[in-house]
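The values are calculated or read from the model by the stated rules, or taken from the named source; none is laboratory data. Just so we're clear, the structure is a prediction, and the values are computed from it rather than from any experiment. Glycine also receives a Cβ, built like all others from the backbone with ideal geometry; neighbour counts cover every protein chain displayed.
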Amino acid sequence: MILTLLGLAWGACGSDLPAPTDTQSVVWISPLGKKASAGRSLRVIPMSALREAAGNGPMSVGRMLQLIGERKHARNPKRPWKVTVFEASSGALCRPVEGADPTEFVAGLPVCKAGQSGSNRRSTGCGTTVDRASGRDGVVLFRARWRDLAPQGFCVLPADRFAAELAKR
């Protein structure tokens, strides 16, 4: 019975998530000063998804935060944000899919463990963010632990510089 309900919950999500490449650039977008401990699970977004979204219209920090579910309005925030860019192997990533069994794979990635997947105002629970401008799916979302991402190296940029670079492409 429980497995049937879990299957129905995942079935409501759809199956249009893209399969990940072996290695890809992902970003963790957070307020300046926010830190992550080694075992903490981070919400990371594929760089390719943000580039694609920037191709659909102007990308400001406010719009980028709105797209990933962090802000309701597209105006730029008063406090500064940062973007941490990682090169991530697919083995470091999991899909935050609510109601799916953590032993199964969804579109080529394992489902995140309990407590890492739940939907809230920032995510759908189906492996995507919530675009708070429209209330629809935003961009693909993964979770990964800092200790799995950091050994390959990372780069930290001010969010306004990152958004300006996205807009140029």
The stretch 97-108 residues that are touching a residue at least 12 places away in the same chain (Cβ under 8 Å), paired with ones that are small (Gly, Ala, Ser) and outside any loop (DSSP other than H, G, I, E, B) (beta carbon under 6 Å, 6 or more apart):
99/9
Could you please find all residues in the stretch 103-112 being surrounded by 14 or more Cβ atoms within 10 Å (Cβ to Cβ), part of a loop (DSSP other than H, G, I, E, B) and on the phi < 0 side of the Ramachandran plot?
112
Checking residue 75 against (1) free of Cβ contacts under 8 Å to residues at least 40 places away in the same chain; (2) in contact with a Gly (Cβ under 6 Å, 6 or more places away or on another chain); (3) surrounded by 14 or more Cβ atoms within 10 Å (Cβ to Cβ): exactly one of these is not met. Which one?
(3)
Identify, please: which residue in the stretch 78-92 is of a type in the set (D, E, K, R) and either in contact with a strand residue (DSSP E or B) (Cβ under 9 Å, 6 or more places away or on another chain) or in a strand (DSSP E or B) (or both) and is, among those, farthest from residue 50 (Cα to Cα)?
79
Filtering the stretch 133-149 down to residues that are exposed (fewer than 14 other Cβ atoms within 10 Å of the Cβ) and either in contact with a strand residue (DSSP E or B) (Cβ under 8 Å, 6 or more places away or on another chain) or farther than 25 Å from residue 55 by Cβ (or both), which residue is modelled with the highest pLDDT?
147
Of the residues that make up the stretch 57-64, is at least one within 21 Å of residue 155 (Cα to Cα), under 13 Å from the mean Cα position of the chain (by Cα) and of a type in the set (A, V, I, L, M, F, W, C)?
yes
Of the conditions (1) at pLDDT 90 or above; (2) on the phi > 0 side of the Ramachandran plot, residue 57 fails just one. Which one is it?
(1)
Does residue 21 meet the test of being over 14 Å from the mean Cα position of the chain (by Cα) and either at pLDDT 85 or above or not in a loop (DSSP other than H, G, I, E, B) (or both)?
no
Matching entry among 60, 41, 37 (being among the small types (Gly, Ala, Ser), within 23 Å of residue 125 (Cβ to Cβ) and in contact (Cβ under 8 Å) with a residue 24 or more places away in the chain)
41
Of the conditions (1) at pLDDT below 90; (2) touching a Pro at 6+ places or on another chain (Cβ under 9 Å); (3) buried (at least 19 other Cβ atoms within 10 Å of the Cβ), residue 130 satisfies every one except a single condition; which number is it?
(2)
Confirm whether residue 51 is in contact (Cβ under 8 Å) with a residue 60 or more places away in the chain, over 30 Å from residue 151 (Cβ atoms), among the charged types (D, E, K, R) and surrounded by 12 or more Cβ atoms within 10 Å (Cβ to Cβ).
no
